[in-house]
Amino acid sequence: MIELEDRLRRHVRAVGSSLPVSGGGAEQARIRGRQHRRRRRIGTAATLAALVAVGALGAAQLLDPASTVDVAVGTPAGPAGGSSLSWQRVDPVSVLSYTDTLISTETGTLFAVSTTPGELAPGDIGGQALYRSDDGLDWVEVSPSAEMSVLDLTSLDGRLYAVGTAAATAPIDPDGGVGDAVVAWSADGGTTWEQAVLPLDLRELRAATGVAGMAVWSGSVATTPFGVLVSVSVQGHADAESLVPPGTDLSNGWGTTAVGIDVYAEASEKCGAMEGGALAPPIVAPAPTSSADAATPATAVACAGDAPEVAASFTWAELGVSAEVAEVLGGSTRVFLAPDGVRFSPVDLPVDGGRSVAALELFATEDGAVAVASTYGLSSDGSDGRADVFRSTDGRTWSTAPIPGLAWVVDVGTLAGRLAVTGHDLDDSPVLALSVDGSTWTVQRLDEIAGVPSSHEAWITSGDIGPLGFAAGLDVRPATDDQAPVGAVLLHTGDGVTWSVTPAAELVGEPVSSITNVVVGSDAVHATALMPGEAQGTDAQKTVERTILVGTPS
């Protein structure tokens, strides 16, 4: 289960046991973060009403709020599963907060990684905790014996596996230090853990010349027929001031690419902290030029989609950066395999020359494994981003092919006998790609299936591919107004052909600002609906109320 990429997770998930799952203190900063390039805008005012209540929709309103709509798309290529679910609202005693790591085990038990219990002070993103649920409604905290920051979970034969970071070999320097990339496993439901350190020396890379900082922002783990397969995505932050030739003017900002540093000729619009993304490496905005700008960090990042003209380019070799360090500064994803589940060694994926793997999702099949990667090339604005699929039956030898029409990957699985990948295309539209052979793909636009008018934009806030098919929450708003109210709609298909489209407000009975924590199990689909509350305190922050939506086959 993969939530749409946490916005700040790409760049500010520093390595260490105390780090949170998600970046950003506000609920909406968390749920809307995992968004491709230009979609990444944070604002609590943007998530205050249900889709069916948005007056701007007018006659182009997506759905009649009184009914769920079934839509047939395409031709089935496997056993049909349909889309018929009966939804109900359930208000449990304890509702899980935002999570981007949520799995369903073979027995139906759910595990999730979310923030620690209790109220957070303004600006506080909290710690990390492991939770367990037998019904997807009420959750209890598990107290692990080992401290680690979990990036992904999976399970096999009653054993939990996790990939993340921890202070396994030495304490973590609180002043920008990093820990160790680790894989851990538990046979008792997450209470006690054993760990193995991956052969990736993050501490040495962090200490290398030209590296100003480093973050492990994504990971994936899969239990395959040939062993445990894991990936770790690392983003180093270049110390451009010390690397570029003396006299180089950096006042207009700079950005990194797969091959070096671009220095810009004019400043670009700032879009808030950490607006760079995995498809577009960070674009560093100009340093403050007056005392009035002093509150703006010199490392604020400009919109990846608005990159200015490049005045000068320097390759990593010209800057004296080693190939290993350059790979990390450009954004690097490493893959490791342990046939015995304990001793891990590196795996080389056949990535096209000049491209970097920004993020990777692993998925185990009956006869091997699939890895679907978001990759980018030499552009600093992510315009050459695409998704590539890698397939293997032994974990060492991989075939590869691009997925046309897909740029950023959200989740991967199987749907009615076909390989299924969901995410966003280069225009930021939400899509689902299906393939029988891994080479020929059919791509469906989810916003078109949902009937979103051309005047509006939609993005996946949470999606999952599981035994009952594919389900996702879409947020929708007018494309020309960032501050317009956002509404939420639920999509589900059992076969990729017949879809149900339901406004979340219809199910909840009141405005819904977003859908999170979608998980597709063998007997039910669970999703968390967020309802805007009242403004609280001097900061006039919105509280967020949650309820659970449960869909069962009808």
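Pairing residues of the range 341-353 that are within 17 Å of SER220 (Cβ to Cβ) with residues that are among the hydroxyl-bearing types (Ser, Thr, Tyr), at Cβ distances under 7 Å and at least 6 apart in sequence or on separate chains, gives VAL351/THR375.
Scanning the range 336-357 for residues being of a type in the set (Val, Ile, Thr), in contact with a Gly (Cβ under 9 Å, 6 or more places away or on another chain) and either part of a loop (DSSP other than H, G, I, E, B) or crowded, with 21+ Cβ neighbours inside 10 Å (or both) gives a total of 1. Exactly one residue out of GLU324, GLU318, GLU266 is more than 25 Å from HIS424 (Cα to Cα), part of a helix (DSSP H, G or I), modelled with pLDDT of 50 or more and of a type in the set (D, E, K, R): that is GLU324.
Scanning the range 403-450 for residues being out of contact with any Leu (no Cβ under 7 Å at 6 or more places or on another chain), aliphatic (A, V, I, L, M) and more than 24 Å from ALA364 (Cβ to Cβ) gives a total of 1.
Quick one: is SER435 under 22 Å from VAL520 (Cβ atoms), among the polar types (S, T, N, Q) and in contact with a strand residue (DSSP E or B) (Cβ under 8 Å, 6 or more places away or on another chain)? Considered against the rule, which asks whether it is under 22 Å from VAL520 (Cβ atoms), among the polar types (S, T, N, Q) and in contact with a strand residue (DSSP E or B) (Cβ under 8 Å, 6 or more places away or on another chain), SER435 comes out as yes. For the range 186-212, residues that are in a strand (DSSP E or B), surrounded by 15 or more Cβ atoms within 10 Å (Cβ to Cβ) and out of contact with any Asp or Glu (no Cβ under 6 Å at 6 or more places or on another chain) total 4. When you scan the range 360-375, do you find a residue that is touching a strand residue (DSSP E or B) at 6+ places or on another chain (Cβ under 6 Å), part of a loop (DSSP other than H, G, I, E, B) and at pLDDT 90 or above, even just one? Yes; the residues of the range 360-375 include at least one that is touching a strand residue (DSSP E or B) at 6+ places or on another chain (Cβ under 6 Å), part of a loop (DSSP other than H, G, I, E, B) and at pLDDT 90 or above.
Screening THR165 with (1) polar (S, T, N, Q); (2) under 22 Å from ASP348 (Cβ atoms); (3) in contact with an Asp or Glu (Cβ under 8 Å, 6 or more places away or on another chain) gives one miss only, at (2). Considering VAL421, VAL476, the condition of being within 16 Å of the chain's Cα centre (by Cα) and farther than 22 Å from SER84 by Cβ is satisfied by VAL421 alone. Set side by side, the residues SER231, SER218 differ, and just one is closer than 30 Å to PHE336 by Cβ, in a strand (DSSP E or B), at pLDDT below 90 and of a type in the set (Ser, Thr, Tyr), which is SER218.
All conditions in (1) in a strand (DSSP E or B); (2) closer than 24 Å to ASN517 by Cβ hold for ALA181, with the sole exception of (2). You will find that of ALA420, ALA484, the residue that is surrounded by fewer than 24 Cβ atoms within 10 Å (Cβ to Cβ), over 16 Å from ALA527 (Cβ atoms) and at pLDDT 90 or above is ALA420 and no other.
Only one residue in GLY158, GLY176 is at positive phi and at pLDDT 80 or above, so which one is that? On inspection, the qualifying residue turns out to be GLY158. Remark: pairs (first residue in the range 415-431, in contact (Cβ under 8 Å) with a residue 40 or more places away in the chain; second residue surrounded by fewer than 24 Cβ atoms within 10 Å (Cβ to Cβ) and hydroxyl-bearing (Ser, Thr, Tyr); Cβ separation under 9 Å; 6+ apart in sequence or on different chains) = ARG418/SER435; ARG418/THR442; LEU419/THR365; LEU419/SER435; ALA420/THR414; ALA420/SER435; VAL421/SER435; LEU426/SER383. The condition (being small (Gly, Ala, Ser), touching a Pro at 6+ places or on another chain (Cβ under 8 Å) and surrounded by fewer than 21 Cβ atoms within 10 Å (Cβ to Cβ)) is satisfied by just one residue among SER439, SER455, SER435: SER455. Residues that are in contact (Cβ under 8 Å) with a residue 24 or more places away in the chain, surrounded by fewer than 16 Cβ atoms within 10 Å (Cβ to Cβ) and not hydroxyl-bearing (Ser, Thr, Tyr) within the range 165-185 comprise ALA170, GLY176, listed in sequence order. Of the strands (runs of 3 or more DSSP E) entirely within the range 404-506, those holding at least 2 residues that are among the small types (Gly, Ala, Ser) occupy 418-424, 430-435, 456-466, 469-478, 487-493. Can you find a residue in the range 377-386 that is surrounded by fewer than 24 Cβ atoms within 10 Å (Cβ to Cβ) and not in a loop (DSSP other than H, G, I, E, B)? Yes.
The values are calculated or read from the model by the stated rules, or taken from the named source; none is laboratory data. Quantities reported herein were computed from a predicted structural model and do not represent experimental measurements. Note: ideal-geometry Cβ built from the backbone for every residue, glycine included; neighbour counts use all protein chains shown.
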